[in-house]
Amino acid sequence: MRGADRRPPFAGLEGREPEELFGALPTPCYILDEKALRRNGELLAGVARRTGCKMLLAQKAFSNFNLYPLLAPYVDGTEASGLYEARLGFEEMPGRQVHVFSPAYRAEQWEEMLGYASHIVFNSPRQLSRFGPSAKARGKSVGLRINPQCSTQNHPIYDPCAPGSRLGVTREQWDREMTPELAALLDGLHFHTLCEQDADALELTLTAVEESFGGVLPRMQWLNMGGGHHVTRPGYDVPRLEGCIRRAAERWGLQVYLEPGEAWALNAGYLAARVVDVVENAGVSTAILDASAACHMPDVLEMPYRPSVYGAGEAGEGRYMFRLGGPTCLAGDVMGEYGFDRPLAPGNFLLFGDMAIYTTCKNNTFNGLPLPPIYARREDGALECLKAFGYGDFKDRLGREM
Ligand SMILES: *Cc1c(COP(=O)(O)O)cnc(C)c1O
């Protein structure tokens, strides 16, 4: 791949060379691109405006709250998967709804959770029966996660519809365990079954939801269609999504919520790295970088996927094939194999694309690696350090304080 790399993860560079833009920053570092975040926000808010649905930010994908003020005009509220996310949304997106979902709420955290949440989604009739009445007494809107048993994707660890899944109530379980008193506690239903998918998968899922839960939906005030909608990806079928939202809202007479995570910050960030060494084994050349897949982009190994690198193609493309690896002890700390049109050497600058999601909020200090600092690329192009980390971030969660 020669010259400016204009693939979506790098479109925000507007044809400039990464090293020219970011070469002065310490590596590794994350760079969050405000222009791209705003573009995503405008697109998502447009869907909400045209359909009447409400758009929540699922914080587990992106929770760099320094930039919440930028997203605030486009966001109706936040979604939290855990206690601290609920608190973060409550404190840093003030005055907005806080929706929470947990596979199992704990008694010790319940009172605190109630203090932050506006909407609470339960995962089982037992949890609904245990905590639902106190949520209602505190004026919270109460929902139940359903499982439409409609798998539309092939990332097994992201498929809540797989047989035996612990996420969501199936129709069979509903019929067995939901008493009229329990059902009367419900203001809404919630499903989350998609991952990086287009609106055709949502359409299929809604058909399954209608078949299994169409009978109870007219009694609900809201339906939350979860996340996994790749709305801001080029080529996503936005009119089809809007059709799904309108049909559901009209057919069942309810408020639709969407709670994407990825879509808010898709292609809105980078991870900058440099080559530290190059090693050879059995004809494979590996560039060892100062950035780690295991520590700094954990979904590369967990999902798994191969991240985009500026100016690099598939392994077979280009004259030089390099495997990119991290500096940890883990043999599998590898981003993937890439084709380059120049050989890599120590000091070379590399830019990973689409690194604003599931990174800064999911990274770790395995092996005692420092956490990369987080920079903002302001809308005027200025680079500003939002947060730098140190030894304390590694040590403080390991001990002392007795
Ligand atoms: C993960 C998750 C989301 C966000 O998913 P994305 O794929 O990042 O859009 C939303 N809601 C729930 C309940 C989730 O678990």
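The values are calculated or read from the model by the stated rules, or taken from the named source; none is laboratory data. Keep in mind that what you see is a predicted model, and the values were worked out from it rather than measured. Positions of Cβ are backbone-derived with ideal geometry, glycine not excepted, and every protein chain shown enters the neighbour counts. Ligands, DNA and RNA are excluded from the accessible area calculation, which covers all protein heavy atoms including side chains. Shrake-Rupley method; radii C 1.70, N 1.55, O 1.52, S 1.80 Å.
Looking across the range 60-86, the residues that are among the small types (Gly, Ala, Ser) and either within 15 Å of the ligand (Cβ to nearest atom) or buried (at least 19 other Cβ atoms within 10 Å of the Cβ) (or both) come down to Ala61, Ser63, Gly77, Ala80, Ser81, Gly82, Ala86. Looking at the range 263-302 only, could you name the residues that are open to solvent by 20 Å² or more (accessible area, probe 1.4 Å) and hydrophobic (A, V, I, L, M, F, W, C)? Within the range 263-302, Val276, Val278, Val279, Ala282, Val284, Ile288, Leu301 meet the criteria.
When Thr207 is tested against (1) within 16 Å of the ligand (Cβ to nearest atom); (2) over 20 Å from Ser124 (Cβ atoms), just one condition goes unmet, and that condition is (1). Looking across the range 114-128, the residues that are assigned to a strand (DSSP E or B) and either surrounded by fewer than 18 Cβ atoms within 10 Å (Cβ to Cβ) or not aliphatic (A, V, I, L, M) (or both) come down to His119, Phe122.
Condition first: aliphatic (A, V, I, L, M), within 16 Å of the ligand (Cβ to nearest atom), in contact (Cβ under 8 Å) with a residue 12 or more places away in the chain and in contact with a Leu (Cβ under 9 Å, 6 or more places away or on another chain). Can you find one or more residues in the range 324-333 that meet it? For the range 324-333, residues aliphatic (A, V, I, L, M), within 16 Å of the ligand (Cβ to nearest atom), in contact (Cβ under 8 Å) with a residue 12 or more places away in the chain and in contact with a Leu (Cβ under 9 Å, 6 or more places away or on another chain): absent. Being open to solvent by 20 Å² or more (accessible area, probe 1.4 Å) and within 14 Å of the ligand (Cβ to nearest atom) is the filter here; which residues of the range 252-262 pass it? If the condition is that a residue be open to solvent by 20 Å² or more (accessible area, probe 1.4 Å) and within 14 Å of the ligand (Cβ to nearest atom), then Glu262 is the only one that fits. Hey, any hits in the range 306-320 for a residue that's touching a residue at least 12 places away in the same chain (Cβ under 8 Å), farther than 26 Å from Ala4 by Cβ and either in contact with a His (Cβ under 6 Å, 6 or more places away or on another chain) or not aliphatic (A, V, I, L, M) (or both)? No, every residue in the range 306-320 fails to be touching a residue at least 12 places away in the same chain (Cβ under 8 Å), farther than 26 Å from Ala4 by Cβ and either in contact with a His (Cβ under 6 Å, 6 or more places away or on another chain) or not aliphatic (A, V, I, L, M) (or both). Could you check, for the range 150-168, whether at least one of its residues is more than 16 Å from the ligand (Cβ to nearest atom) and among the polar types (S, T, N, Q)? No: zero hits. Within the range 226-251, if we keep just the residues that are of a type in the set (A, V, I, L, M, F, W, C) and within 19 Å of Gly41 (Cβ to Cβ), the residue that is nearest to the ligand (Cβ to nearest atom) turns out to be Val231. The lone criterion from (1) of a type in the set (D, E, K, R); (2) out of contact with any His (no Cβ under 9 Å at 6 or more places or on another chain); (3) surrounded by 20 or more Cβ atoms within 10 Å (Cβ to Cβ) left unmet by Arg145 is number (2).
How many residues does the range 132-152 hold that are in contact with a Ser or Thr (Cβ under 8 Å, 6 or more places away or on another chain) and not β-branched (Val, Ile, Thr)?
7
Would you mind stating whether Gly89 is under 29 Å from Leu369 (Cα atoms), within 16 Å of the ligand (Cβ to nearest atom) and in contact with a His (Cβ under 9 Å, 6 or more places away or on another chain)? Answer is yes for this residue. Tally up the residues in the range 129-164 that are assigned to a helix (DSSP H, G or I) and farther than 16 Å from Ala117 by Cβ, please. Number of matching residues: 4.
Of all the listed residues (Arg49, Arg106), the sole one being over 17 Å from the mean Cα position of the chain (by Cα), away from the ligand (no atom under 15 Å from the Cβ), over 17 Å from Val121 (Cβ atoms) and open to solvent by 50 Å² or more (accessible area, probe 1.4 Å) is Arg49. Of all the criteria given as (1) more than 16 Å from the ligand (Cβ to nearest atom); (2) in contact with a strand residue (DSSP E or B) (Cβ under 7 Å, 6 or more places away or on another chain); (3) among the β-branched types (Val, Ile, Thr); (4) open to solvent by less than 30 Å² (accessible area, probe 1.4 Å), the one not satisfied by Val216 is (2).
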